[in-house]
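Have a look at the structure below before the remarks.
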């Protein structure tokens, strides 16, 4: 559900499926920057990608919808999300 809130938050999303080696992190970076978010997308050793972003809650919710959408590279089988207060310390968006 989209709240429309401008509260600045941190979203951590663990994305599972065929999301490594298919341009998923680059695609996520592109979407995040277009939404004005800062953070990073990181390949995990278990095959998932961890996405950490901060910005207005509404923008984070839009990114989450995109991560769960049908236009992602590869194949997304599931996304687990965690919300929290923004911590700061992030600039731009990097792929790791």
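The values are calculated or read from the model by the stated rules, or taken from the named source; none is laboratory data. This one's a predicted model, so the numbers in the text were calculated from it and none came from an experiment. Virtual Cβ from ideal backbone geometry, glycine too; neighbours counted across all protein chains shown.
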Quiz prompt | Selection count, segment 60-82, where residues are closer than 25 Å to residue 7 by Cα and touching a helix residue (DSSP H, G or I) at 6+ places or on another chain (Cβ under 8 Å) | solution = 5
Quiz item: Inside segment 1-25, can you point out the residues that are in contact (Cβ under 8 Å) with a residue 60 or more places away in the chain and part of a strand (DSSP E or B)?
Solution: 8, 9, 10, 11, 12, 13, 14, 15, 16, 17
Quiz item: Is it the case that residue 48 is under 16 Å from residue 14 (Cβ atoms) and at pLDDT 95 or above?
Solution: yes
Exercise. Answer yes or no as to whether residue 63 is within 18 Å of residue 88 (Cα to Cα) and at pLDDT 95 or above.
Key: no
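Restricting to segment 42-59, name every residue that is in a helix (DSSP H, G or I) and either on the phi > 0 side of the Ramachandran plot or in contact with a helix residue (DSSP H, G or I) (Cβ under 9 Å, 6 or more places away or on another chain) (or both). Give the steps one after another, and end with the answer.
Pass one, segment 42-59, residues in a helix (DSSP H, G or I): 57-59.
Once the filter is applied, which keeps residues that are in a helix (DSSP H, G or I) and either on the phi > 0 side of the Ramachandran plot or in contact with a helix residue (DSSP H, G or I) (Cβ under 9 Å, 6 or more places away or on another chain) (or both), segment 42-59 yields only 59.
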Self-check item: Verdict on residue 28 being at pLDDT 95 or above, surrounded by 13 or more Cβ atoms within 10 Å (Cβ to Cβ), in contact with a strand residue (DSSP E or B) (Cβ under 9 Å, 6 or more places away or on another chain) and not in a helix (DSSP H, G or I)
Solution: no
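Restricting to segment 47-70, and then to whatever is in contact (Cβ under 8 Å) with a residue 24 or more places away in the chain, over 10 Å from the mean Cα position of the chain (by Cα) and over 16 Å from residue 86 (Cα atoms), can you tell me which residue is surrounded by the fewest Cβ atoms within 10 Å (Cβ to Cβ)?
The first filter runs over segment 47-70 and keeps only residues in contact (Cβ under 8 Å) with a residue 24 or more places away in the chain, leaving 47-67.
Subsequent filtering for residues that are over 10 Å from the mean Cα position of the chain (by Cα) retains 47-48, 55-59.
Keeping just the survivors that are over 16 Å from residue 86 (Cα atoms) gives 47-48.
On the way: 47: 13, 48: 20.
Result: 47.
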Exercise. Output the residues belonging to segment 71-95 that are surrounded by 10 or more Cβ atoms within 10 Å (Cβ to Cβ) and either over 14 Å from residue 11 (Cα atoms) or without any contact (Cβ under 8 Å) to a residue 12 or more places away in the chain (or both).
Key: 72, 73, 74, 75, 76, 77, 78, 92, 94, 95
